[in-house]
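The values are calculated or read from the model by the stated rules, or taken from the named source; none is laboratory data. The structure presented is a predicted model; accordingly, all values stated were derived computationally and were not measured. In this analysis, Cβ positions are derived from the backbone assuming ideal geometry, glycine residues included, and neighbour counts consider all displayed protein chains. Surface areas here come from the heavy atoms of the whole protein model, side chains and all, with no ligands, DNA or RNA. Shrake-Rupley method; radii C 1.70, N 1.55, O 1.52, S 1.80 Å.
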Amino acid sequence: MDSHQSVPPEILLSIMEELRDSTPSLETAALVCRAWRGPAQFYMFSRIHIQKSQDCSRLYKIFEKSPHTASYVNRLVVQQLDVREICGPIKDGTSISEVSYLQSRDATKIASILGPSVRELGISVYPLDRNNLQFFKQMKRVETLKIEEIDEVPIDILVELIQGMRNLTSLHLFGGEKDPHAEEYENDRLQLLRDTTVTPNGAPSAETTVDTPPFRLTRLTLDRTEHRLGLLKFLLDSKYFDLGALTDLDLTWMQAEDQFYIATLDYTFLDLLLKKVGTTLNSLTVGFHFLGSCSPPRDQYLEHYTTNAVASLLQCLVTLESLCIRDQGYHFFDISACLALLTSIPSSTLTRVHFKTLIEADEFTEMILVSLSQPEEDPGRHWKAVDTLLRDENRFPVLKTVNITVALEFDSKAVALEFDNQARIKELANKDTAGSVDQTSMRIVSIFEDIFTSLKERGLLNVEIEKVDLSLAGPESVFWKWGH
């Protein structure tokens with residue numbers, strides 16, 4: 001095996017990095033020879049996902065046999081479904097948290113072993129309470145924290161979770177699992193109006209917390225969290241967070257149909273956030289869940305920030321270099337929303353504009369007739385209007401690139417299952433699916449290049465197709481990424 005051993009280590013690492021999304025390939029590479037084992041294991045264990053007690057037991061046996069592999073774990077994602085949905089009512093009075101696998105002996109050992117190495121931590125656990133919180137409090141060197149189902153996490157639990165993570169610079173909070181409740185929202189709003197000296201929703205007062213410096217965040221994601229007014233107030237509290245260095249903000253507010261049922265939307269804290277980061281923010285992502293219907297409800301947040309472009313609070317983002325507009329539904333963008341945002345932000349510093357959307361490959365033909373047709377009654381909604389706006393060099397003097405990313409979603413396994421017992425037909429069906437997706441991809445690229453003629457001529461246009469096979473992965477990576 002001398003020929004393998006002579007490959008420079010940096011080349012081996014590059015090879016393994018290309019294989020990092022294929023665990024079977026990394027496992028095979030690790031068996032080639034001793035020189036390959038280390039680089040293969042480095043990427044094999046760099047990202048770990050646990051969601052049941054058996055995962056903890058399996059990992060503990062691996063780390064017990066090969067302790068060095070624990071130091072390779074950079075990202076840990078922990079998932080726990082709502083055990084009440086699985087177990088049903090607990091008759092003997094045992095609390096829900098006591099059945100959490102995160103309190104098992106192996107999980108406790110895993111947490112202790114991985115604590116020194118984990119830098120990226122993803123949490124999708126319900127309920128997240130003080131009992132299973134002990135597992136996460138071992139992760140004291142976390143720099144990037146992602147929490148899903150933040151709708152259900154009390155602020156005092158969030159404070160306790162992060163208080164030991166003194167290296168935290170990147171925080172990502174995702175809601176949306178629970179529809180905003182109009183009455184709860186109004187009660188929260190009135191409570192904050194009545195008493196601005198006490199943080200609502202159970203957050204501890206300054207007198208009860210340890211005197212530690214605030215977290216200095218550089219990256220923040222708020223995905224459908226703005227209905228939790230107490231959470232926003234907590235994030236804006238300078239005792240806990242210093243947002244003076246924030247350069248990257250990813251913001252998705254509640255869907256328009258949820259806004260419709262709330263009598264009085266309170267923009268106070270989102271306004272304060274934009275003012276606070278206005279002189280440091282380099283990158284802004286605004287996400288939508290467009291309905292694609294002919295007469296959708298008014299998006300009151302969009303109206304608040306774009307109705308008067310000159311007076312818009314978005315104008316305070318004077319250092320903005322990158323704007324991303326993201327459609328997280330299954331329809332092409334509402335172009336009027338894109339135009340409203342593009343005309344409401346300071347454009348003199350923008351070097352990059354990025355559009356991201358998700359569609360199903362099978363529905364592309366039907367969608368294209370609606371989304372990219374030429375509407376004679378309202379030509380401003382057509383993509384050509386975006387091309388016309390962005391080609392204005394007086395308005396966008398330093399624009400260098402316009403990226404359009406389309407996540408094309410399909411399911412190869414669903415096709416294959418139809419012919420599960422007919423190997424040859426199954427193989428042909430897979431090839432046909434791949435060919436169809438490739439054709440759709442090329443058609444999408446061609447359509448956008450025909451529309452954005454000015455940007456294409458100036459060499460600014462870049463159309464990317466991300467093929468998302470649902471049998472292998474979901475579309476999440478298109479809309480949110482862990483980072484570099």
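Of all positions in the range 195-203, none carries a residue that is crowded, with 19+ Cβ neighbours inside 10 Å, modelled with pLDDT under 95 and in contact with a Pro (Cβ under 8 Å, 6 or more places away or on another chain).
Scanning the range 311-326 for residues that are closer than 27 Å to Leu358 by Cβ and open to solvent by 30 Å² or more (accessible area, probe 1.4 Å) returns a single hit, Glu321. Of the residues Thr247, Thr212, the single one that is within 20 Å of the chain's Cα centre (by Cα) and not assigned by the TED database to the domain that holds Gly122 is Thr247.
The criterion of being at pLDDT 95 or above and open to solvent by 40 Å² or more (accessible area, probe 1.4 Å) does not hold for Asn308. Scan the range 54-68 and give yes if some residue there is over 24 Å from the mean Cα position of the chain (by Cα), surrounded by 15 or more Cβ atoms within 10 Å (Cβ to Cβ), modelled with pLDDT of 90 or more and charged (D, E, K, R), otherwise no. Yes, the range 54-68 contains a residue that is over 24 Å from the mean Cα position of the chain (by Cα), surrounded by 15 or more Cβ atoms within 10 Å (Cβ to Cβ), modelled with pLDDT of 90 or more and charged (D, E, K, R). Contact annotation: residue pairs with Cβ atoms under 8 Å, 6 or more positions apart or on different chains, pairing a residue in the range 430-456 that is modelled with pLDDT of 85 or more with a partner that is open to solvent by 60 Å² or more (accessible area, probe 1.4 Å) and of a type in the set (Ser, Thr, Tyr), are Ser454/Thr388. Of the helices (runs of 4 or more DSSP H) lying entirely inside the range 357-426, those containing at least 2 residues that are out of contact with any Gly (no Cβ under 9 Å at 6 or more places or on another chain) and at pLDDT 70 or above span 383-390.
Taking the numbered list (1) modelled with pLDDT under 90; (2) assigned by the TED database to the domain that holds Glu148 in turn, Glu120 passes all entries but (1).
Tell me whether the range 175-189 contains one or more residues that are modelled with pLDDT of 95 or more and within 25 Å of Ser283 (Cα to Cα). No, because not a single residue in the range 175-189 is modelled with pLDDT of 95 or more and within 25 Å of Ser283 (Cα to Cα). Here Arg228 qualifies as within 22 Å of the chain's Cα centre (by Cα), on the phi < 0 side of the Ramachandran plot and not polar (S, T, N, Q).
Rundown of residues vs (1) at pLDDT below 90; (2) of a type in the set (Gly, Ala, Ser), yes/no style:
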{"position": "Ile86", "(1), (2)": "yes, no"}
{"position": "Asp92", "(1), (2)": "yes, no"}
{"position": "Glu98", "(1), (2)": "yes, no"}
{"position": "Gly115", "(1), (2)": "no, yes"}
{"position": "Asn132", "(1), (2)": "yes, no"}
{"position": "Phe135", "(1), (2)": "no, no"}
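When restricted to residues that are farther than 28 Å from Thr69 by Cβ and either open to solvent by 20 Å² or more (accessible area, probe 1.4 Å) or out of contact with any helix residue (DSSP H, G or I) (no Cβ under 9 Å at 6 or more places or on another chain) (or both), the range 113-150 contains 6. Are any of the residues in the range 337-355 farther than 25 Å from Val310 by Cβ and either of a type in the set (Lys, Arg) or modelled with pLDDT under 85 (or both)? For the range 337-355, residues farther than 25 Å from Val310 by Cβ and either of a type in the set (Lys, Arg) or modelled with pLDDT under 85 (or both): absent.
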